[in-house]
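The values are calculated or read from the model by the stated rules, or taken from the named source; none is laboratory data. Note that the coordinates shown come from a computational prediction; the quantities given were computed from them, not determined experimentally. Positions of Cβ are backbone-derived with ideal geometry, glycine not excepted, and every protein chain shown enters the neighbour counts. We work out accessible area using only protein heavy atoms, side chains counted, and drop any ligands, DNA or RNA first. Shrake-Rupley method; radii C 1.70, N 1.55, O 1.52, S 1.80 Å.
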Amino acid sequence: MMRRALWQGLLAGAAGVVVMTLGEKAEQRLTGRPSSYVPARTLERLTGMPERPEPRAVNRAMHYGQGALLGVVRSAMAHAGLRGPLASTQFTVVRLTNDQILENATGVGAPPRTWPRAELLVDLLHKAVYAFATGAVADALAARSGPGPGQRHAAERPGRRADAGPLPRHAAYGH
C-alpha cells in the first residue's frame with residue numbers, strides 16, 4: 001500500500017499544486033496582489049542558502065516540491081479509506097499546519113492570528129483548493145485498488161458501536 005501511496009501521492013500533490021497555482025494567478029490578476037516569496041525564503045533558511053532579491057526558481061522549487069510531497073499524506077489517507085470531501089477538509093488543515101510549522105520555525109512567517117483577515121482568507125482559500133484537487137486525484141487513484149481498510153471496517157460493522165473491535169488482519173487488507 002505504501003509504495004502505491006508514494007507514487008500516487010506525488011502525482012496527486014503535483015496536480016493539486018498546479019490547480020492551486022492557476023487559482024492563485026487568477027486571483028492575483030483580479031486583486032493586484034503581488035507574488036509571494038515566502039516559499040523561497042523558507043527553503044533558503046531551511047537549507048542555509050543565501051537569500052536572493054527575487055528567488056523565482058527557489059520559490060517554484062519549494063512551492064511545487066512541498067505540494068507534491070504533501071500529496072503523499074493525502075494518498076496514504078485515501079489508501080487507508082479516508083476519502084471524499086471530509087478527508088479533503090481534514091487534509092486542508094494538514095497543508096496549512098505544514099506551512100505554518102516551516103514558516104514560523106524559520107522566522108519567515110508569523111502565526112496566522114496576527115495576519116490581516118483578507119490575507120488569511122486568501123491563503124485559506126488557496127490551500128483548500130490545493131487540498132480538494134489533491135484529494136480528488138488521490139481518491140480516484142486509490143479507488144483503483146478497492147476499498148481501504150477503514151472502508152472495509154465500516155462496511156462490515158456499520159454504525160458507531162462500543163463493541164466494534166478491529167477487523168481480523170486478513171479482512172482489513174483484503175487478502
Here the qualifying pairs (Cβ atoms under 8 Å; residues six or more apart or on different chains; first in the range 148-175 and without any contact (Cβ under 8 Å) to a residue 12 or more places away in the chain and at negative phi; second surrounded by 10 or more Cβ atoms within 10 Å (Cβ to Cβ) and of a type outside the set (Lys, Arg)) come out as 155/147; 157/164; 157/167; 164/153
Item to complete: Would you check if there is a residue in the range 79-99 being under 23 Å from residue 41 (Cβ atoms), of a type in the set (Phe, Trp, Tyr) and under 16 Å from the mean Cα position of the chain (by Cα)?
Response: no
Pairs returned, first residue in the range 32-58 that is without any contact (Cβ under 8 Å) to a residue 24 or more places away in the chain and closer than 18 Å to residue 110 by Cα, second residue that is open to solvent by 50 Å² or more (accessible area, probe 1.4 Å) and among the small types (Gly, Ala, Ser), beta-carbon separation under 9 angstrom, 6 or more apart or interchain, are 40/57; 40/61; 43/61
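Residue-by-condition table, conditions (1) surrounded by 15 or more Cβ atoms within 10 Å (Cβ to Cβ); (2) closer than 26 Å to residue 31 by Cα:
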{"position": "80", "(1), (2)": "yes, no"}
{"position": "88", "(1), (2)": "yes, no"}
{"position": "92", "(1), (2)": "yes, yes"}
{"position": "96", "(1), (2)": "yes, yes"}
{"position": "103", "(1), (2)": "yes, yes"}
{"position": "116", "(1), (2)": "no, yes"}
{"position": "130", "(1), (2)": "yes, yes"}
{"position": "134", "(1), (2)": "yes, yes"}
{"position": "145", "(1), (2)": "no, no"}
When every residue in the range 4-40 that is over 18 Å from the mean Cα position of the chain (by Cα), part of a helix (DSSP H, G or I) and of a type in the set (D, E, K, R) is compared, the one farthest from residue 130 (Cα to Cα) is 29
Taking the range 100-125 and the residues there that are touching a residue at least 60 places away in the same chain (Cβ under 8 Å) and closer than 19 Å to residue 41 by Cα, the one that is farthest from the chain's Cα centre (by Cα) would be 107
